[in-house]
């Protein structure tokens, strides 16, 4: 679970509080994705920490006691970016695993369906994406007719239909052999570009989640809390 970000776009809310614990529908945003992963049988979580580590560690340990799941924490004295965080955790990743942004909201999304699709394709990597609407301010990824990601704008590849990456990865440990040897790097340039250039397929799980607000921005965060009514 990627929880180390400082939440710069969410300031002033994150000046004294970690982004992962900001509430959506009355509960910390990270709890929603933890609930969804627990529901598909995940019992162990590896979490990277940087901003406000003490409070985040305390709240996640309390969640673990309530739900009988285990947390391991990797503190980053200096932010390692998404790829660096994965390299830092690589020795602990010995079976297919989820890599999920803490601000991903799982309403309308099925981790179980994505896991089945990943296994059926015998994929080394599967990324969750959704169709992109015109004018959305996200970096597009290009999807070909075979369900493979063949472009990440500004990083690698060309062509394909524009989609939005949702912040959910299903990764086989074999993919980690293609990680950059740098200490700090983004996962798209330091892993997925390497896979693409060596001819390995980057598969996509395409869905239309019920919740598409960008919780990493103040506008998206406030809109989400205005729209979301907990069950």
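Computed from the coordinates by the stated procedures, all read-outs in this text should not be read as laboratory data. The shown structure was predicted, so the numbers you read here are calculated from the model rather than taken from an experiment. No Cβ is skipped: glycine too gets one built from the backbone with ideal geometry, and neighbour counts run over all protein chains shown.
The angle between the Cα long axis of helix 53-67 and the longest principal axis of the Cα atoms of the chain comes to about 90 degrees, rounded to the nearest 10.
Between the alpha-carbon centers of segment 210-224 and segment 66-108, tell me the distance in whole angstrom. Rounded to whole Å, the Cα centres lie 22 Å apart. When the square roots of the Cα gyration tensor eigenvalues are ordered a ≥ b ≥ c, the ratio a/c for segment 51-98 is 1.5 or more and a/b does not exceed b/c, which makes its shape oblate.
Against the chain, whose longest principal axis is taken from its Cα atoms, helix 29-39 shows a tilt of about 70°.
Modelled label positions at residue 68 and residue 161, each set 7 Å beyond Cα in the direction of Cβ, lie 4.3 nm from each other. Taking every DSSP bridge with both residues inside segment 8-227, close to 70 percent are antiparallel. Reducing segment 14-44 and segment 136-176 to their Cα centroids gives an inter-centroid distance of 25 Å.
Using a cutoff of 8 angstrom between alpha carbon atoms and counting only pairs six or more residues apart, the relative contact order for the chain works out to 24 percent.
Measuring nothing but alpha carbons in segment 130-210 and taking Rh as the Kirkwood radius, the Rg to Rh ratio lands at 0.96. The angle between the Cα long axis of helix 218-227 and the main principal axis of the chain comes to about 70°, on a 0 to 90 degree scale.
Extension gain for residue 211-residue 13 works out to 69.1 nm (0.36 nm per residue, less the C-alpha to C-alpha distance).
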